[in-house]
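K.L.:
The structure follows.
Computed from the coordinates by the stated procedures, all read-outs in this text should not be read as laboratory data. From a predicted model like this one, the values you see are computed outputs, not experimental measurements. When we count neighbours, we look across all protein chains shown, and the Cβ atoms used for this are built from the backbone with ideal geometry, even at glycine.
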Amino acid sequence: MGAGRGLCALALLIVSAALLGGCGDDSSTADDIAAKERIFPNVTGPTREFLVPEGDNIVQLSGTEGTEAEREQASRVIAAWMRARLASNWAEDCKHLSSAYKTNLVKDAYAVSGEKVKTCPGALDYFGEQASGELIDNYDGEVDSLRVEGKGAYAQYHGTDGKDWIVPLEREGGVWMVTIAAPLDRFK
């Protein structure tokens, strides 16, 4: 009899734990699910190509889609930046980086190099692949979507390697500038 009660108590404990584990943990409501389903039909334009069902769509839904002229300008800047990266031409690479990014990059390199690195080209050289990625050019020369919000933007493109990539940008003096040392793989 005692063993039977023990088994019943254990079974009751397991069932209770299973029920409690399923309660209150799922924050999805019918409204949340309906909102997710409405994203796809309600998003139009180039950014639609980058939407991920049930995935992280923060970039795709930020701001508004840039104009064709803004995408063309961003495309030219990114193409020049990619060519400079591929050639390890750090001086040219730095010409396409935002002032804020260059300042932070140089500060970091200065601090970790024992105060030896004092320039943007020197910082990119010092950090090498840690800053500039694998130094490959997977860009076909065209920004497919540009999500603009205030002075910032996210350029999205379909890489020649079959992956989707993002390059954060910032507008300085009417020109788009890159705010990172290497493009971001959309799924990493």
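K.L.:
Lysines within cross-link reach of LYS116: Cα-Cα under 28 Å, excluding same-chain residues under 8 positions apart?
P.N.:
Cross-link targets: LYS95, LYS102, LYS107.
K.L.:
Using a Förster distance of 22 Å, how high is the FRET efficiency between ALA80 and LEU51, based on the Cβ-Cβ distance and rounded to 0.05?
P.N.:
Calculated transfer efficiency: 0.15.
K.L.:
Moving on. So which GluC sites (Glu not before Pro) in the range 100-178 end up in coil per DSSP with only 15 or fewer other C-beta atoms within 10 Å?
P.N.:
Passing both the DSSP loop test and the Cβ count: GLU115, GLU134, GLU142.
K.L.:
Going by average Cβ neighbours within 10 Å, how do the peptides 82-88, 120-126 rank, with the highest at the top?
P.N.:
120-126, 82-88
K.L.:
Still on this structure, please answer the following. What is the fewest-to-most order of SER98, SER113 by other Cβ atoms lying within 10 Å of their Cβ?
P.N.:
Arranged by neighbour count, lowest to highest, SER98, SER113 become SER113, SER98.
K.L.:
Measuring from label point to label point, each 7 Å out along Cα→Cβ, what is the GLU68 to LYS163 span in nm?
P.N.:
Roughly 3.2 nm, to one decimal.
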